[in-house]
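> There's a structure below that I have some questions on.
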Amino acid sequence: MDTLNALLGGFGSALSPMNLLWALLGVTLGTFIGVLPGLGPALTIALLLPITFQVDPAAAFIVFGGIYFGSQFGGSTTSILINTPGESASIVTALEGNRMARNGRGAPALATAAIGSFVAGTIGVVCLSLLAPVVVKLALAFAPADYFALMVLSFVTVAAVLGNSVIRGLTSLSLGLLLGLVGVDLQSGQARFTFGALDLLDGIDVIIVVVGLFAVGETLHLATRYRSSPEEIIPVKGSMWMTAQDWARSWKAWIRGALIGFPIGAMPAGGAEIPTFLSYFVEKKLSKHPEEFGHGAIEGVAGPEAANNAAGAGVFVPLLTLGIPTSATAAVMLSAFQSYGINPGPQLLTSHADLVWTLIASLYIGNVMLLILNLPLVGLWVQILRIPTPYLYGGILLFATVGTYGISRSVFDLVMLYAIGLAGFFMRRYDFPSSPVIIGMILGPLAEQQFRRAMTMSQGDLSVFVTRPISASLLALAFIALTAPIVLSFLRSRRETAAA
């Protein structure tokens, strides 16, 4: 009952005219970004961070939530019509969606993607509303040793899962931990890794790192891979309405995709890639028309799109209740919370309950807005694909520069921005994931703080991490997550050698 009352209060705030306008702005901008190939919500939110400091926190996060959900809606348009997924989670949609478009069924493919996203997003937000208070109650039982172990698990899973190499993931994580340690140590008062530069005594602003990696670095990478030849855009033909057979083949896939996507998205480093692929294989296994897979099966669009959006809602569970980001966009949103002086975690539902429930309520509203925007206006979104790419890249760099300079009006920050952006470019070029850098930078100082608290309470006894059941279990999971990919890779190479 308390959860229902809190949610109703959130709707009361989210339905105010001004917040409705912010929600509409967020979902529209998110859809716009999702339609453009190569761009994503992490880059967009990173660009907006420096220019939203003057906005009320609730309004800012309503916009960010709308961008997150809207980009997932818009990503299906790119995947289906030009076979270019905007994000890795949209790869599966392109497998069947583009085939449907080439067979003249692009409109039903876009329709099942939009409606499936709405259904799964709504289910995911309902689960978020019900699950968040439960997770908070469990988190309140955590001691400092348990929090440290949880952060170690987050470090390891993010480094192991994101990217194609555990070593590259751990390298990116180490860079983030190093950046997080720059500045004056609050306990000893000693300067760390400042190299005598007074501008570094307060540490490196996480906004600069986020914008540098996700805006400057990503834009430079996309610009170097730019092809002047235009993409083939398959026109949308016919009505957006689905046939009775399309509905019969889609609705079960929507439900299954949502049930697969939400729990995996809520796990540390669960992400959206795993549930989309898993949903695709489940639909292929259960379909009465398996021969259509690979040639334009509508279930292959409906299920993965639903899993993608449900996973997006699941990401908010660890972010809001534990302060643990499980994706690149969640990491950027965590930095946004911190820029407002808000620390997500078990106390968030108590200290900033109005903000949290307004955000959750706005996600319900944003889902409805997205359905209204995507079905009748798909022709308009297709025209966005015709924007000259060089203008787009130039605009991103301009916004990144002006926004960063506006924070502190420091030339040193601009030099830092483009130095980090150049590092982000090389990381992207050589397949080093960027998300572990942000997660390490944000959670590193918090992990250090929890470790020191645990040592103080146990009088320096390290066994506290293995004698407490929660911390011992979390560290064991972290060890398994770290070693499992290495062991599996070794066994695979042994098997291939034996076969050869």
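The values are calculated or read from the model by the stated rules, or taken from the named source; none is laboratory data. Predicted, not measured: the structure shown is a model, and the values here were computed from it. Positions of Cβ are backbone-derived with ideal geometry, glycine not excepted, and every protein chain shown enters the neighbour counts. SASA here: full protein model, heavy atoms, side chains in, ligands and nucleic acids out. Shrake-Rupley method; radii C 1.70, N 1.55, O 1.52, S 1.80 Å.
> How long are the semi-axes of the equivalent ellipsoid of region 428-487, defined as square roots of 5 times the Cα gyration tensor eigenvalues? Whole Å, largest first.
Ellipsoid semi-axes (Å, largest first): 27, 18, 7.
> For the residue pair Phe426 and Val368, what label-to-label distance in nm results when each label sits 7 Å from Cα along the Cα-to-beta-carbon direction?
If labels sit at Phe426 and Val368, their model points lie 5.1 nm apart.
> Using the 2.2 N^0.38 Å rule of thumb for compact globular proteins, work out how the chain stacks up: its C-alpha Rg over that value, please.
0.97
> Still on this structure: Suppose each label sits 7 Å from its Cα in the direction of the beta carbon; what would the Ser463-Tyr340 distance come out to in nanometres?
Spacing of the two 7 Å Cα→Cβ label points: 4.6 nm.
> Hey, any idea what the orientation-averaged projected area of the convex hull of region 237-346's Cα atoms comes to, in nm²?
Mean orientational projected area (region 237-346, Cα hull): 8.6 nm².
> Taking only the alpha carbons of region 305-416, what extent do you get along each of the three principal axes, in Å, biggest first?
Projected onto its principal axes, the Cα set of region 305-416 covers 46, 46, 22 Å.
> In addition: Enter the accessible area per residue of the chain (Å², integer; probe 1.4 Å; all protein chains in place).
43 Å²
> Out of Ile82, Val27, Leu47, whose Cα points farthest toward the positive end of the dipole of the chain (charges: +1 Lys, Arg; -1 Asp, Glu; placed on Cβ)?
Comparing the listed Cα positions along the dipole, Ile82 ranks first.
> Moving to a separate point now. Between Arg409 and Lys285, what is the label-to-label distance in nm when each label sits 7 Å out along the Cα-to-Cβ direction?
Using points 7 Å along Cα→Cβ, the separation is 6.2 nm.
> Here is a further query. Can you tell me the length gained on complete extension of the stretch Arg386 to Ile470, counting 0.36 nm per residue apart and subtracting the Cα distance?
Stretched out fully, the Arg386 to Ile470 stretch lengthens by 24.9 nm.
> Within the set of other residues whose C-beta is less than 13 Å from the C-beta of Val282, count the net charge using Lys and Arg as +1 and Asp and Glu as -1.
+2
> To continue, here is another question. To the nearest 500 deg cm²/dmol, what mean residue ellipticity at 222 nm is calculated for the chain from DSSP H runs of n ≥ 4 alone, each contributing -39,500 (n - 2.57), summed and divided by the residues?
-24000 deg cm²/dmol
> Taking the Cα centre of each part, how many Å lie between region 317-358 and region 403-426?
So the separation of the two Cα centres works out to 25 Å.
> With a 10 Å radius around each residue's Cβ, average the other Cβ atoms per peptide and rank 243-249, 191-197, 320-326, 178-184, highest first.
320-326, 178-184, 243-249, 191-197
> Tally up the carbon and sulfur contribution to the accessible surface of the chain as a whole percent, 1.4 Å probe, everything protein left in place.
66 percent
> Right, something else. For the chain, the longest stretch holding no GluC sites (Glu not before Pro) located in a DSSP loop with at most 16 other Cβ atoms within 10 Å is which?
The longest such stretch corresponds to 233-500.
> Still on this structure, I have one more. How long are the semi-axes of the ellipsoid equivalent to region 396-500, from square roots of 5 times the Cα gyration tensor eigenvalues, in whole Å, largest first?
37, 29, 9
> Please compute the alpha carbon radius of gyration of region 277-334, then divide it by the globular-protein estimate 2.2 N^0.38 Å. Two decimals is fine.
1.49
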